[in-house]
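A.B. asks: Dropping the structure in here first, questions after.
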């Protein structure tokens, strides 16, 4: 049975649609400005990117690296704190079997977990040095974390 889900990433993850100066990173070899992106559709195991110039390109869903949305010329409070500390966002292990860890994010930051259909799964808990989540009860598949204006993907095996 073919599933045809057409969702914008903004709707999927509850982000604003008027994102500027963000990045769409469909795989490790390509990076695009979100200003050039009109819509992202999820069809079967593929992502279909529709660009403002009318072109369309398919990507394997499993290759999606990140989608970052930022207002032009501004940083969120979390991004400012991370930059001041020289912190780098690190998500590991990926793919994950049991416990997922996230470091480089200030302790008071809200980190939400989403299924690929946009349903909120939960909130990561801070353990004093990193965020962590037991994901052993999740079905195998692709999930997302929303950290301020950043969205990162992880795979549950």
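A.B. asks: Between residue 99 and residue 60, what is the label-to-label distance in nm when each label sits 7 Å out along the Cα-to-Cβ direction?
C.D. replies: 3.1
A.B. asks: Moving on to the next point. Taking 8 Å as the Cα distance limit and 6 or more residues as the minimum spacing, I'd like the relative contact order of the stretch 77-156 as a percentage. Please report the intermediate quantities before stating the final value.
C.D. replies: Numbers: 148 pairs, mean separation 23.6, N = 80.
Across the stretch 77-156, relative contact order equals 30 percent.
A.B. asks: Another question, if that's okay. Run the quick spin-label model on residue 110 and residue 52: label points 7 Å from Cα toward the beta carbon, then report their separation in nm to one decimal.
C.D. replies: 3.0
A.B. asks: Continuing with this model, one more query. What length, rounded to one decimal in nm, is gained on full extension from residue 45 through to residue 120, with 0.36 nm per residue of separation minus their alpha-carbon distance? Please list the in-between numbers first.
C.D. replies: Values: separation 75, 0.36 × 75 = 27.00 nm, distance 2.04 nm.
Using 0.36 nm per residue and subtracting the Cα-Cα distance, I get 25.0 nm.
A.B. asks: Using the 10 angstrom Cβ neighbour count as an exposure proxy, how do 45, 149, 53 rank, fewest first? Intermediate results must be reported in sequence, preceding the final value.
C.D. replies: Working: 45 10, 149 18, 53 7.
Ranking 45, 149, 53 by Cβ neighbours within 10 Å, fewest first, gives 53, 45, 149.
A.B. asks: Based on alpha-carbon centroids, what's the gap between the stretch 41-61 and the stretch 105-148 in Å, whole number please?
C.D. replies: That distance is 25 Å.
A.B. asks: Just rank 145, 37, 89, fewest to most, by other beta-carbon atoms within 10 angstrom. Intermediate values should be presented prior to the final figure.
C.D. replies: Details: 145 23, 37 19, 89 16.
Listed from fewest to most nearby Cβ atoms, that is 89, 37, 145.
Just so you know, all these numbers are worked out from the coordinates, no wet-lab data involved. Fair warning: this is a prediction, and the values are worked out from it, not measured in the lab. With ideal geometry, Cβ positions are generated from the backbone for all residues, glycine too; neighbour counts draw on all protein chains shown.
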